[in-house]
Amino acid sequence: MWDKNGKSMIISVASGKGGTGKTLVATSLALSLKDTDGVQLLDCDVEEPNAHIFLKPVIMGSEAVAIAVPNVDETKCTYCGRCAEVCVYHAIAVLGNHVLTFPQLCHGCGACSYLCPEKAISEEGRKTGVVEWGQSDGVGFAHGKLTVGEAMAPPVIRKVKEYANNNGTVIIDIPPGTSCPVVEAVKGSDFCLLVTEPTPFGLSDLALAVETVRELNIPCGIVLNRAGVGDSKVEEYCQKEDIPILLTIPLDTEIARLYSRGITLVEGMPEWKERFLVLSGRDSRDSK
Ligand code: SF4
Ligand code: SF4
């Protein structure tokens, strides 16, 4: 599927919607490649990270993630309104002789403090989440956790991605959907695996996810999960759009049982390791 040519590769595992088996694929792919490549798994699904449930990493460190939000010194402020004009996120407003800030809306871009003519705005950190990193049986691991009630996922995602090393394969578990956090997590990837299921909802969300990765010029392939549950529309769509289906995982109660117990597919059913190696363009002869 992808060719390393001796360089580090970043492989995203995404899906148009939650619950399609994205983490099942990401974790089993990481474990299948750990003997052939140096592998890291970065869980950027920061609202609901769950790769750790399957990989059970030893957490070796953590780092808080904060964004810089404005703090206005009204003794210097002339209420000119420039800060509110430049804030595209409507996170600061000037009402008469008051400046109101809305930290939950602030993206920490710094434009207001930079452009304030009176230098009345300083910046203060607001914690939005935490990144934890560690190791899981030969797989490097990092994940982000967005603070409960916090909407600003991209800074936490960016911080998780800073833990990517430049050796071997980096697998990124992408948040579900096609919004800003998805774009932040997937951009810079060399390849994107899109996990879907053969249902009308699966197809509709897949088509949106394909549009997103195409906008970003990232080549993609499909993992069809729970094959047998629906119809053949996803296959027809992939054929029409010339997108390869790289792996098919059947609807299987044993696979569902393993997943519900937090056991990866390749650990519970080792015969799947070879299929994940083939998916990645390797085979068992590449394993040490
Ligand atoms: S730009 Fe500066 S001086 Fe103008 S209203 Fe905002 S904080 Fe006050
Ligand atoms: S830092 Fe950026 S997003 Fe936040 S209030 Fe200032 S201009 Fe708006």
Residues of the range 78-104 satisfying the condition of being of a type in the set (Val, Ile, Thr), near ligand 2 (Cβ under 8 Å from one of its atoms), touching a residue at least 24 places away in the same chain (Cβ under 8 Å) and out of contact with any strand residue (DSSP E or B) (no Cβ under 6 Å at 6 or more places or on another chain): VAL86
In a loop (DSSP other than H, G, I, E, B) and either free of Cβ contacts under 8 Å to residues at least 24 places away in the same chain or under 20 Å from ALA14 (Cβ atoms) (or both): does that describe ILE218? yes
For SER113, all conditions in the list (1) in contact with a strand residue (DSSP E or B) (Cβ under 9 Å, 6 or more places away or on another chain); (2) assigned to a helix (DSSP H, G or I); (3) under 30 Å from THR264 (Cβ atoms) hold save one; what is the number of the exception? (3)
Scan the helices (runs of 4 or more DSSP H) fully inside the range 234-288 and keep the ones with 2 or more residues being among the β-branched types (Val, Ile, Thr) and modelled with pLDDT of 90 or more. 253-260
When you check GLY129 against the structure, is it closer than 18 Å to PRO155 by Cβ, within 12 Å of ligand 2 (Cβ to nearest atom), touching a helix residue (DSSP H, G or I) at 6+ places or on another chain (Cβ under 8 Å) and small (Gly, Ala, Ser), yes or no? no
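Among the residues that make up the range 263-273, is at least one of them of a type in the set (Ser, Thr, Tyr) and in contact with a Leu (Cβ under 7 Å, 6 or more places away or on another chain)?
yes
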Only one of SER204, SER122, SER189 that is in a helix (DSSP H, G or I), of a type in the set (S, T, N, Q) and at negative phi: SER204
Residues to consider are VAL46, VAL58; find the one that is at pLDDT 95 or above, exposed (fewer than 14 other Cβ atoms within 10 Å of the Cβ) and under 26 Å from GLY168 (Cα atoms). VAL58
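The values are calculated or read from the model by the stated rules, or taken from the named source; none is laboratory data. Here the structure is a predicted model, which means the values were calculated and not measured. Heads up, the Cβs are rebuilt from the backbone with ideal geometry, glycines too, and the neighbour counts pull from every protein chain shown.
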